[in-house]
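Take a look at the structure set out below.
The values are calculated or read from the model by the stated rules, or taken from the named source; none is laboratory data. Please read all numbers here as calculations on a predicted model, not as lab measurements. Every residue, glycine as well, gets a Cβ built from its backbone with ideal geometry; the counts of neighbours run over all protein chains shown.
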Amino acid sequence: MQTAFTLAQLADPQIYSSEKILRGCVHCGFCTATCPTYVLLGDELDSPRGRIYLIKDMLENERPASAEVVKHIDRCLSCLSCMTTCPSGVHYMHLVDHAREHIEKTYRRPPFDRAMRNLLVRVLPDLTLFRAAVVMGLVFRPLAPVLKAIGLRRMAAMLRLTPRYRPSPPVERTGKVYRAQSACRGRVALLSGCINPVLAPLTNEAAIRLLNRNGVEVVVAAGEACCGSLAHHMGHEQQALTQARNNIDAWTREIEGAGLDAILVTVSGCGSTLKDYEFMLRSDRDYASKAARISRLAKDITEYLAALDIPAQTAPRPLTVAYHSACSLQHGQKVTQAPKELLCKSGFMVKDVPEGHLCCGSAGTYNILQPALADRLRDRKVANIEGLKPDVIAAGNIGCITQIAAGTAIPVVHTVELLDWATGGPVPEALTRSRRKELTG
Ligand code: SF4
Ligand code: SF4
């Protein structure tokens, strides 16, 4: 694609990298076929190619974002399916991240939209506020249909995503070290994060047991918190960079102390952001090289486990597992085989979900901010999964787990919970809950 940025514009490092991305696009349109919003809406402006044109026009002409541009960029899930499909290697993720930041700087959203976004970006990364919000959600969940009926779809979506059951009590892990149970084969940091400890504290518990059992020492670095992913994808760049620097400092202390072989993540959305710290902080003289080191060490937990060569197991129960590949894992990090191979090796029968490249509609805060599209994607995903008649659904991202669980009675668990169970850990909580329900009718 030809561009017409001036030399003065190109002196801005963000414009410089976006211009390189734009020039890589040859308008072939292959990406449109695998873009969920184009598949649903059939509008070129809701396809990757259409959005690329909108972003080019906005940046090249230094135009403030218009309501029309915002509408189409907001509808993008940042699922990155288009990056997997693109034969020219167009880095759409960095381009749309730039566009979202430009929108936040130049566009004044309607008051309710602004308030909702500010609420999400303030509450979700804060463990105390988020925990309080979940408890409130449990109480008010029955009101979701009423809110939807009176047009408050986003509030209704938020309530519907609240778990049906009170999550297990939180465990304070930051600053703790979990020793290997056998000869030590490695030392890793595990990202505790912000959503997981509230909605699914048992996931990291399973991950720690699994790693310890296989000879890996685990530390949850003192001072670590939200990775910045939520703020980053909502265009709140300064908040995202502050959160990234905070975590980089926490892990750098560990690297320079007892040392780290890897930084492991059980929420693939956060894993993609950690792997992008190098790019996000490339112009920060104090943090660029530290950020690059963190990005090199960042791994999805299944990537690390696959390299450990864990012995084959017989599954505790012969279950059929539908493996849902989170977009941030398959498109963002290109981790596709490791989770399935680990599950097979643990004795489970694993089935791929048809249309597996299409997002489930979770996409960070998308299922709250774009509930109509998110619901359509979830229903399509659930229909594809239920067609497989699985006993359980496994995924590597809390966002997908919550989104899919809101649309089906089949239990949804994190991949590491099944791996932990197969190697001596407890039955995953979602399975015991569904078993209890079966027995009690
Ligand atoms: S597939 Fe790649 S090169 Fe082709 S239109 Fe889409 S982004 Fe551009
Ligand atoms: S990130 Fe996903 S929704 Fe956005 S343009 Fe690419 S394929 Fe479409």
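Pairs are defined by a Cβ separation below 7 Å, a sequence spacing of at least 6 or placement on different chains, a first member in the range 9-25 that is within 15 Å of Asp97 (Cβ to Cβ), and a second member that is within 16 Å of ligand 2 (Cβ to nearest atom) and basic (Lys, Arg); the pairs so defined are Leu22/Lys56. For the range 12-57, the candidate set comprises residues that are within 16 Å of ligand 2 (Cβ to nearest atom) and among the hydroxyl-bearing types (Ser, Thr, Tyr); within that set, the residue that is farthest from Pro371 (Cα to Cα) is Ser18.
When Ala225, Ala231, Ala189, Ala258 are screened for being part of a helix (DSSP H, G or I), in contact (Cβ under 8 Å) with a residue 40 or more places away in the chain and not acidic (Asp, Glu), only Ala231 passes. Restricted to the range 47-72, and to residues there that are in a helix (DSSP H, G or I) and among the aliphatic types (A, V, I, L, M), the residue that is farthest from Gln9 (Cα to Cα) is Ala67. From the list Thr252, Thr273, the one residue that fits, being of a type in the set (Ser, Thr, Tyr) and surrounded by fewer than 22 Cβ atoms within 10 Å (Cβ to Cβ), is Thr252.
Does His102 satisfy being part of a helix (DSSP H, G or I), closer than 29 Å to Asn247 by Cβ and within 15 Å of ligand 1 (Cβ to nearest atom)? Steps first, answer last, please.
Numbers: part of a helix (DSSP H, G or I): yes; closer than 29 Å to Asn247 by Cβ: yes; within 15 Å of ligand 1 (Cβ to nearest atom): no.
Criteria not met by His102.
Please state which of the following conditions Lys334 fails to meet, knowing it meets all the rest: (1) in contact with a Phe, Trp or Tyr (Cβ under 6 Å, 6 or more places away or on another chain); (2) in a loop (DSSP other than H, G, I, E, B); (3) among the charged types (D, E, K, R). For Lys334, the failing item is (1).
Inclusion of Leu41 among residues that are away from ligand 1 (no atom under 11 Å from the Cβ), over 24 Å from the mean Cα position of the chain (by Cα) and in the same structural domain as Asp12 (by TED's automatic domain parsing) is not warranted.
Residue count for the range 73-93 under the criterion of being part of a loop (DSSP other than H, G, I, E, B) and more than 8 Å from ligand 2 (Cβ to nearest atom): the result is 6.
Listed here are the residues, each with its yes/no results for (1) surrounded by 20 or more Cβ atoms within 10 Å (Cβ to Cβ); (2) touching a Gly at 6+ places or on another chain (Cβ under 6 Å); (3) in contact (Cβ under 8 Å) with a residue 60 or more places away in the chain; (4) not aliphatic (A, V, I, L, M).
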position: Asp126; (1), (2), (3), (4): no, no, yes, yes
position: Arg131; (1), (2), (3), (4): no, no, yes, yes
position: Pro142; (1), (2), (3), (4): no, no, no, yes
position: Pro145; (1), (2), (3), (4): no, no, no, yes
position: Glu172; (1), (2), (3), (4): no, no, no, yes
position: Arg185; (1), (2), (3), (4): no, yes, yes, yes
position: Cys194; (1), (2), (3), (4): yes, no, yes, yes
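Scanning the range 87-98 for residues that are without any contact (Cβ under 8 Å) to a residue 60 or more places away in the chain and either crowded, with 19+ Cβ neighbours inside 10 Å or under 16 Å from His233 (Cα atoms) (or both) gives a single hit, Val96.
Cβ-Cβ contacts under 6 Å between residues 6 or more apart (or on different chains), taken from a first residue in the range 347-364 that is farther than 30 Å from Pro316 by Cβ and in contact (Cβ under 8 Å) with a residue 12 or more places away in the chain to a second residue that is surrounded by fewer than 24 Cβ atoms within 10 Å (Cβ to Cβ) and β-branched (Val, Ile, Thr), are listed as His357/Thr34. Look at (1) more than 24 Å from Leu274 (Cα to Cα); (2) more than 14 Å from ligand 1 (Cβ to nearest atom); (3) β-branched (Val, Ile, Thr) and you find that Ile55 fails only one, number (2).
Being under 19 Å from Ala306 (Cα atoms) and touching a helix residue (DSSP H, G or I) at 6+ places or on another chain (Cβ under 6 Å) holds for only one residue in Ala206, Ala144, Ala200, Ala133, and it is Ala206.
The residue of the range 50-86 that is farthest from Gly361 (Cα to Cα), among those that are more than 23 Å from the chain's Cα centre (by Cα) and basic (Lys, Arg), is Arg63. Please tell me if Gln9 is more than 10 Å from ligand 2 (Cβ to nearest atom), polar (S, T, N, Q), in a helix (DSSP H, G or I) and more than 24 Å from the chain's Cα centre (by Cα). When the stated conditions are applied, Gln9 passes them. For the range 385-394, a tally of residues being surrounded by 18 or more Cβ atoms within 10 Å (Cβ to Cβ) and assigned to a helix (DSSP H, G or I) returns 1. Does Ala157 meet the test of being closer than 30 Å to Gly50 by Cα, within 16 Å of ligand 2 (Cβ to nearest atom) and crowded, with 20+ Cβ neighbours inside 10 Å? No. Of the residues Cys35, Cys28, the single one that is surrounded by 18 or more Cβ atoms within 10 Å (Cβ to Cβ) and within 13 Å of ligand 1 (Cβ to nearest atom) is Cys35. On the stretch given as the range 142-186, residues that are under 27 Å from Thr408 (Cα atoms), outside any loop (DSSP other than H, G, I, E, B) and of a type outside the set (Lys, Arg) total 13.
Kindly provide the set of residues from the range 289-309 that are assigned to a helix (DSSP H, G or I) and within 20 Å of the chain's Cα centre (by Cα), ordered by number. Reasoning before the result, please.
Quick first cut of the range 289-309, residues assigned to a helix (DSSP H, G or I) only: 289-297, 301-308.
Those that are assigned to a helix (DSSP H, G or I) and within 20 Å of the chain's Cα centre (by Cα): Ala291, Ile294, Ser295, Arg296, Leu297, Ile301, Thr302, Glu303, Tyr304, Leu305.
Taken over the range 23-38, the criterion of being under 26 Å from the mean Cα position of the chain (by Cα) and among the β-branched types (Val, Ile, Thr) is satisfied by Thr32, Thr34, Thr37.
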